[in-house]
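Peer 1: Please see the structure below; I have some questions.
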Amino acid sequence: MHIRVGYDIVQDCAAPTPMMLMLSLRPERMADQVTPQVLRLEPNLPVRTYADRFGNVCTRVLAPRGPFRVSADFIVSDDGRPDQPAPDAIQHEVDDLPSEMLVFLLGSRYCETDRLIEPAWALFGGTPPGWKRLEAIVEWVNERITFGYPYARNTRTAWEAFNERVGVCRDFAHLAVALCRCMNIPARYCTGWLPDIGVPVELPMDFSAWFEVYLGGRWHTADARHAHPRVGRILMAYGRDAVDTAIITAFGPTVLTRFDVIGEPVT
């Protein structure tokens, strides 16, 4: 299947402002482009691109004073398969994990494992390790948090989501990631497009957050916000939490004046 994705974002800068943009496809999805992803800047400016420590594609730009627009509109091919469960995926002993997985067991800015480790073991210590434990965490977070855009707060952490019991998709992901790490399941935070394919369209399109876990020798997709398999995830970036995957990091004061996201199947 083909999926149209893109964005149209405008920020008003009080002064020339360095920015880091993370709005590109992950390298492993680059070959799925049906039409090329072209980053359009208004005004047109020189850019520098690099790969961060997780392999995410990052773009550096010096935005001028005043309105600065970033947009793209392109088509990606997808296999159309829903998220695949792996009920036989085992949980590795920490000592047996590849060394590069250990960073995904540690606490991070939005995932305070030190605060959540006691409630995590109280809640999930009796569950079978592996896929069943992951399912228990996903189901619990899905039921724990009430979703709503009015609840959005970009400083909310997993610990705060645990206590406040409200949030948006990033809060679901942060809490589930933190609980998985507390239970010694490597987990990483993901962001990208998740169009409403095969489900009712209830809310305006936005970027989505989900997470991945390392079980049975490979990474698997999980989503505590939806808690059921979805079709058409287009990954942009992953990392420890939202700090590593922020779509725009501005090194100075800006005001967001437009934020439109495109994600829809092409018929």
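The values are calculated or read from the model by the stated rules, or taken from the named source; none is laboratory data. Source: prediction; values computed, not measured. Backbone-built Cβ (ideal geometry, glycine too); neighbour counts: all protein chains shown.
Peer 1: Name, by its number, the condition in (1) farther than 17 Å from Ala222 by Cβ; (2) acidic (Asp, Glu); (3) touching a residue at least 60 places away in the same chain (Cβ under 8 Å) that does not hold for Asp114.
Peer 2: In the conditions (1) farther than 17 Å from Ala222 by Cβ; (2) acidic (Asp, Glu); (3) touching a residue at least 60 places away in the same chain (Cβ under 8 Å), Asp114 misses (3) alone.
Peer 1: Follow-up. Which of the strands (runs of 3 or more DSSP E) contained wholly in segment 1-97 include at least 2 residues that are under 29 Å from Asp223 (Cβ atoms) and in contact with a His (Cβ under 7 Å, 6 or more places away or on another chain)?
Peer 2: Values: elements: 2-13, 17-21, 40-42, 48-51, 57-63, 66-77.
In segment 1-97, the matching strands (runs of 3 or more DSSP E) lie at 66-77.
Peer 1: Write out, first by first residue and then by second, each pair whose Cβ atoms fall under 7 Å of each other, whose residues are 6+ apart or on separate chains, and whose first residue, in segment 124-152, is without any contact (Cβ under 8 Å) to a residue 12 or more places away in the chain while the second is part of a helix (DSSP H, G or I).
Peer 2: Between residues of segment 124-152 that are without any contact (Cβ under 8 Å) to a residue 12 or more places away in the chain and residues that are part of a helix (DSSP H, G or I), the close pairs are Thr127/Arg133; Thr127/Ala136.
Peer 1: For Asp73, indicate whether it is acidic (Asp, Glu), surrounded by fewer than 18 Cβ atoms within 10 Å (Cβ to Cβ), on the phi < 0 side of the Ramachandran plot and in contact with a helix residue (DSSP H, G or I) (Cβ under 8 Å, 6 or more places away or on another chain).
Peer 2: no
Peer 1: Does Ala178 qualify as being assigned to a loop (DSSP other than H, G, I, E, B) and touching a residue at least 60 places away in the same chain (Cβ under 8 Å)?
Peer 2: For Ala178, the condition - assigned to a loop (DSSP other than H, G, I, E, B) and touching a residue at least 60 places away in the same chain (Cβ under 8 Å) - is not met.
Peer 1: Please state which one of Ile185, Ile137 is modelled with pLDDT of 95 or more, part of a loop (DSSP other than H, G, I, E, B), in contact with a helix residue (DSSP H, G or I) (Cβ under 8 Å, 6 or more places away or on another chain) and not acidic (Asp, Glu).
Peer 2: Of Ile185, Ile137, the one residue that is modelled with pLDDT of 95 or more, part of a loop (DSSP other than H, G, I, E, B), in contact with a helix residue (DSSP H, G or I) (Cβ under 8 Å, 6 or more places away or on another chain) and not acidic (Asp, Glu) is Ile185.
Peer 1: A follow-up question, please. Go through segment 143-182 and count every residue that is over 20 Å from Asp114 (Cβ atoms), touching a helix residue (DSSP H, G or I) at 6+ places or on another chain (Cβ under 7 Å) and either among the small types (Gly, Ala, Ser) or not assigned by TED's automatic domain parsing to the domain that holds His220 (or both).
Peer 2: Qualifying residue count for the region: 1.
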